[in-house]
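Engineer: Handing you a structure now.
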């Protein structure tokens, strides 16, 4: 799905989220229905609601995190870029796995459960552990 170096903001407890640039996300990870949910997932105060997904961390613990899409308007241009973020239990994932700024991770998407195409699941893998 994506490989990225963790930035300070990705492991900062006050930010409480992992950013996923949409341009780096491999096509086809999200199905059309999921894209629609994330595109229109707004609450009453324009709060981004998102969707709950299961995340398997490097120690194989399963967490429930929230996948959101944040619109990022470019000031004065009328252009709106966006990023995806994982939030909710993200701080717990960082702490439980000792994730650090500068570390390279991969986030994999997979389908689970019954139905077609099945529910989206995510797995977080440390790249340095793959290369050992």
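The values are calculated or read from the model by the stated rules, or taken from the named source; none is laboratory data. Every value quoted in this text rests on a predicted model; they were computed, and no experiment measured them. Quick reminder, even Gly has a Cβ in these numbers, built from the backbone with ideal geometry, and neighbours come from all protein chains shown.
Engineer: Going by what's in this entry, would residue 75 be described as more than 21 Å from residue 51 (Cα to Cα), more than 17 Å from the chain's Cα centre (by Cα) and outside any strand (DSSP E or B)?
Structural biologist: So residue 75 passes the test.
Engineer: A further question on this structure: Tell me the residue from 100, 124 that is at pLDDT 95 or above and more than 13 Å from the chain's Cα centre (by Cα), please.
Structural biologist: The unique qualifying residue is 100.
Engineer: Within the stretch 33-48, can one find any residue that is assigned to a strand (DSSP E or B), closer than 22 Å to residue 119 by Cβ and in contact with a helix residue (DSSP H, G or I) (Cβ under 6 Å, 6 or more places away or on another chain)?
Structural biologist: Within the stretch 33-48 (the criterion being assigned to a strand (DSSP E or B), closer than 22 Å to residue 119 by Cβ and in contact with a helix residue (DSSP H, G or I) (Cβ under 6 Å, 6 or more places away or on another chain)), the answer is no, since none of the residues qualifies.
Engineer: Can you name every residue in the stretch 80-101 that is out of contact with any helix residue (DSSP H, G or I) (no Cβ under 9 Å at 6 or more places or on another chain) and either under 22 Å from residue 26 (Cα atoms) or assigned to a strand (DSSP E or B) (or both)?
Structural biologist: Hits for the stretch 80-101 are 80, 85, 87, 88.
Engineer: Could you give me the residue pairs with C-beta distances under 8 Å whose first residue belongs to the stretch 103-132 and is more than 17 Å from residue 55 (Cβ to Cβ), whose second residue is in a helix (DSSP H, G or I) and at pLDDT below 90 wherever it lies, and which are 6+ apart or on separate chains?
Structural biologist: Filtered contacts from the stretch 103-132: 104/128.
Engineer: Can you tell me how many residues in the stretch 1-21 are touching a strand residue (DSSP E or B) at 6+ places or on another chain (Cβ under 8 Å) and farther than 17 Å from residue 106 by Cβ?
Structural biologist: Residues flagged as touching a strand residue (DSSP E or B) at 6+ places or on another chain (Cβ under 8 Å) and farther than 17 Å from residue 106 by Cβ within the stretch 1-21 amount to 3.
Engineer: May I pose another question? If residue 13 satisfies all but one of (1) modelled with pLDDT of 95 or more; (2) outside any loop (DSSP other than H, G, I, E, B); (3) farther than 19 Å from residue 125 by Cα, what's the number of the condition it fails?
Structural biologist: Result: residue 13 passes all but (2).
Engineer: Moving to a separate point now. If you go through the stretch 16-32 one residue at a time, how many are surrounded by 11 or more Cβ atoms within 10 Å (Cβ to Cβ) and more than 13 Å from the chain's Cα centre (by Cα)?
Structural biologist: Of the residues in the stretch 16-32, 1 are surrounded by 11 or more Cβ atoms within 10 Å (Cβ to Cβ) and more than 13 Å from the chain's Cα centre (by Cα).
Engineer: Could you please find all residues in the stretch 50-72 being part of a strand (DSSP E or B), in contact with a helix residue (DSSP H, G or I) (Cβ under 8 Å, 6 or more places away or on another chain) and at pLDDT 95 or above?
Structural biologist: Correct list: 55, 63, 65.
Engineer: Out of the residues in the stretch 1-15 that are touching a residue at least 12 places away in the same chain (Cβ under 8 Å) and surrounded by 16 or more Cβ atoms within 10 Å (Cβ to Cβ), state the one that is nearest to residue 98 (Cα to Cα).
Structural biologist: 11
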